[in-house]
Amino acid sequence: MKKKLVVLSGAGISVESGVKTFRDADGLWENHRIEDVASPEGFERNPQLVFDFYNERRRQLKSVFPNKAHEILAELERYFDVEIITQNVDDLHERAGSTKVTHLHGELKKARPVNSGKNEIPWEGDLNLGDLNHEGIQLRPHIVWFGEMVPNMNKAASIAEKADLLLVIGTSLQVYPAASLIHYIPNGCEVFAIDPHLENSFVKNENFLKTSATQGMTRLKEILMDRYR
C-alpha cells in the first residue's frame with residue numbers, strides 16, 4: 001500500500017511560476033488594500049472594484065504555468081498517495097497533473113452565489129455585476145475572504161489525520177485556520193518543510209530545506225525515493 005503524503009502548500013510554491021505572493025512588503029495586494037478586495041465589507045462597499053480585481057487575477061492565470069515543484073508533486077503520485085491541501089487560489093497543481101487537490105481559500109476559476117458558501121460553478125472569463133446563476137442570484141468570486149468561514153477546513157483536517165508523511169511548502173504557517181492543520185497529523189508522521197523564509201521550529205533539521213520550491217522539491221524527491229522506495 002502506498003504511503004499517504006499530505007502536502008500543505010502556500011503562495012511560495014507558485015512564485016517561480018510568476019504568481020505574486022498574497023501581499024507585498026507594504027501590506028498592499030496589487031496596489032489595493034486587502035480590506036477593499038478581500039473582505040465581505042469591501043465587496044459590499046464597492047463590488048465592481050472587487051470584480052475587477054479578481055478578473056485581472058483570473059486573466060493573469062492564462063499567462064503563468066506550473067513549475068518544476070508542481071510537476072514533481074504530480075509525479076510523486078506514482079509512488080505515494082498524494083493529497084494536496086493548498087491555500088492558493090490558482091489552478092497550477094491541477095494543471096501540473098495532481099489529482100487530489102483541496103483548496104482552502106477558494107478558486108479563481110470558480111464563482112458562487114452571493115448567498116451561499118457552496119454551489120460553486122466553473123468560471124473562466126470576467127465576472128461582473130449582473131452575472132447570475134440559474135436561480136437568478138448574483139454571482140461572486142469563489143474566494144474565502146477575511147472574516148469568512150473556510151468551508152473545506154473539516155475535509156482538510158480529516159486528510160491530515162491520515163498522513164504518513166507531511167510536506168509544508170511555500171507557506172509561513174501563520175494564516176489560520178490553515179496553519180492549525182499541522183496539529184492534526186498522527187504521531188509518527190514524518191514532517192518535511194520547504195521554504196526559503198520559514199524559521200524551522202517543527203521538523204528535524206535534515207527534513208528542513210530552506211530553499212526555493214523547485215530546488216526543494218528536486219531534493220525532496222530524492223530523499224523520499226531513497227527512504228521509502
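The values are calculated or read from the model by the stated rules, or taken from the named source; none is laboratory data. No experiment lies behind these values; they were computed from the predicted model shown. No Cβ is skipped: glycine too gets one built from the backbone with ideal geometry, and neighbour counts run over all protein chains shown. The protein model used for the area step is the full one, side chains on, heavy atoms only, and it has no ligands, DNA or RNA in it. Shrake-Rupley method; radii C 1.70, N 1.55, O 1.52, S 1.80 Å.
For the stretch 136-177, the normalised intensity computed at q = 0.22, 0.24, 0.26 Å⁻¹ comes to -0.97, -1.07, -1.14 (log10 of I(q)/I(0), Debye sum over alpha carbons, equal scatterers, no solvent). Within straight-line reach of K162, meaning a Cα separation under 17 Å, sit the following lysines at least 8 residues removed in sequence or on another chain: K2, K3, K4, K100.
Normalised per residue, the accessible area of the stretch 91-229 is 52 Å², obtained with a 1.4 Å probe and no contribution from ligands, DNA or RNA.
So what's the net charge close to I194: Lys and Arg +1, Asp and Glu -1, counting the other residues with Cβ under 9 Å from its Cβ?
Here the charged neighbours net out to +1.
Cross-link reach is defined here as a Cα-Cα straight distance under 13 Å, omitting same-chain residues fewer than 8 places apart; for K210 the aspartates and glutamates meeting it are D195, E199. Entry note, the chain: the mean residue ellipticity at 222 nm calculated from DSSP H runs of n ≥ 4, each adding -39500 (n - 2.57), is -7500 deg cm²/dmol after division by the residues and rounding to the nearest 500.
Remark: the K221-K2 segment gains 77.3 nm on full extension, using 0.36 nm per residue and subtracting the alpha carbon distance. Exposure check, 1.4 Å probe, all protein chains in place: S17 carries approximately 20 Å² of accessible surface.
Could you tell me the relative contact order of the chain? Use alpha-carbon pairs under 8 Å, at least six residues apart, and round to a whole percent. The value is 23 percent. Listed by chain and number, the aspartates and glutamates whose alpha-carbon sits under 13 Å from that of K20, ignoring those within fewer than 8 places in the same chain, are E30, E56, D90. Put a dot 7 Å past the Cα of R95, heading toward its Cβ, do the same for I137, and the two dots end up 3.0 nm apart.
Quote the FRET efficiency, to the nearest 0.05, computed for K155 versus E75 with a Förster distance R0 of 35 Å and r equal to the Cβ-Cβ distance. After rounding, the FRET efficiency stands at 0.90. Within the chain, antiparallel bridges make up roughly 30 percent of the DSSP beta bridges whose residues both belong there.
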